[in-house]
C-alpha cells in the first residue's frame with residue numbers, strides 16, 4: 001500500500017451551510033487556529049462557488065487539500081448547470097462522490113456515481129465514494145479490480161447522518177471491515193455523526209483511514225482543535 005494511502009484523513013464537508021462571505025470567515029478562523037500534524041491530511045469539501053476563494057485563502061497551509069462536493073457525470077459541453085471535473089483540475093485534489101444526500105435528494109444512481117468517478121480520474125482528481133451496506137454491492141459491481149483500487153471509499157450510514165449520532169465503535173469496525181473486503185482490502189473513511197468528542201476514537205479503529213464531519217466541522221476553531229487532538 002502506498003504512503004499516501006497510509007496517511008490519515010480528516011474531511012470537513014461544509015455541504016450548503018456557508019455563503020461565500022461566511023466561508024471566508026471560516027477560513028480566517030481555521031487558519032488562525034490550525035497547525036499541521038504529521039501523517040494527517042485535512043480535506044475541506046466546499047461548494048463550487050467558494051472553491052477558488054477558499055483555495056486562495058488556504059493555499060499556504062501545510063497538509064490541507066480541497067475537495068469538490070460532487071462533479072458532473074458529463075464532460076465539458078452542452079450540459080447546462082453542470083460543473084465538469086476538468087474545471088477543477090489543479091484546484092481540488094479530491095471529489096466527494098455518491099454522498100447519501102446526493103443519492104437521496106438528487107436521485108443519483110450507482111451508474112451516475114460511476115460516471116463521476118471516471119470523469120474525476122480523467123482529470124486527476126481522487127474520487128472519495130460514499131457507500132452504505134445497502135448500496136456497496138451495486139456500486140462496486142460497476143468497477144473492475146483495478147478501478148476499485150483507484151478510489152477512496154467512505155462508509156456513510158444513513159441513520160447516523162440523519163440523527164447526527166455515530167454508530168458504536170464495534171458496529172463501525174465490523175461494517176468497515178466488510179466494505180474493505182469488497183474494495184480490495186483498502187482502508188475506509190467513516191462519516192456520520194462524527195464530532196470533536198468521538199472523532200479521535202473513531203479514527204483509531206482498525207481499518208479506518210479517515211473521518212468525515214458535517215455539522216461537526218462548522219465551528220472552524222473547534223475543527224482545528226480536533227485535528228490537533230488526534
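The criterion of being modelled with pLDDT of 95 or more, surrounded by 21 or more Cβ atoms within 10 Å (Cβ to Cβ) and assigned to a loop (DSSP other than H, G, I, E, B) does not hold for residue 127.
Taking each residue of the stretch 181-192 that is on the phi > 0 side of the Ramachandran plot and surrounded by 24 or more Cβ atoms within 10 Å (Cβ to Cβ) and looking for partners that are assigned to a strand (DSSP E or B) and modelled with pLDDT of 95 or more with beta-carbon atoms closer than 9 Å, six or more apart or interchain, yields 192/155; 192/212. Residues that are over 14 Å from residue 220 (Cα atoms) and touching a residue at least 40 places away in the same chain (Cβ under 8 Å) within the stretch 26-40 comprise 37, 40, listed in sequence order.
Of everything listed in (1) part of a loop (DSSP other than H, G, I, E, B); (2) under 17 Å from the mean Cα position of the chain (by Cα); (3) at pLDDT below 95, the single unmet condition for residue 161 is (1).
In the set (1) under 26 Å from residue 85 (Cβ atoms); (2) at pLDDT below 95; (3) in a loop (DSSP other than H, G, I, E, B), the condition left unmet by residue 150 is number (2).
Looking across the stretch 180-214, the residues that are in a helix (DSSP H, G or I) and farther than 25 Å from residue 14 by Cα come down to 180, 181, 182. The one condition from (1) without any contact (Cβ under 8 Å) to a residue 60 or more places away in the chain; (2) within 17 Å of residue 227 (Cα to Cα) that residue 78 does not meet is (2). When 23, 68 are checked against the criterion of being surrounded by 20 or more Cβ atoms within 10 Å (Cβ to Cβ), closer than 21 Å to residue 192 by Cβ, in contact with a strand residue (DSSP E or B) (Cβ under 9 Å, 6 or more places away or on another chain) and touching a residue at least 12 places away in the same chain (Cβ under 8 Å), 68 stands alone in meeting it. Scanning the stretch 73-99 for residues that are surrounded by 21 or more Cβ atoms within 10 Å (Cβ to Cβ) and closer than 17 Å to residue 15 by Cβ yields 92, 94, 95, 96, 97, 98, 99.
The values are calculated or read from the model by the stated rules, or taken from the named source; none is laboratory data. Since we're looking at a predicted model, the values are computed, not measured. Virtual Cβ from ideal backbone geometry, glycine too; neighbours counted across all protein chains shown.
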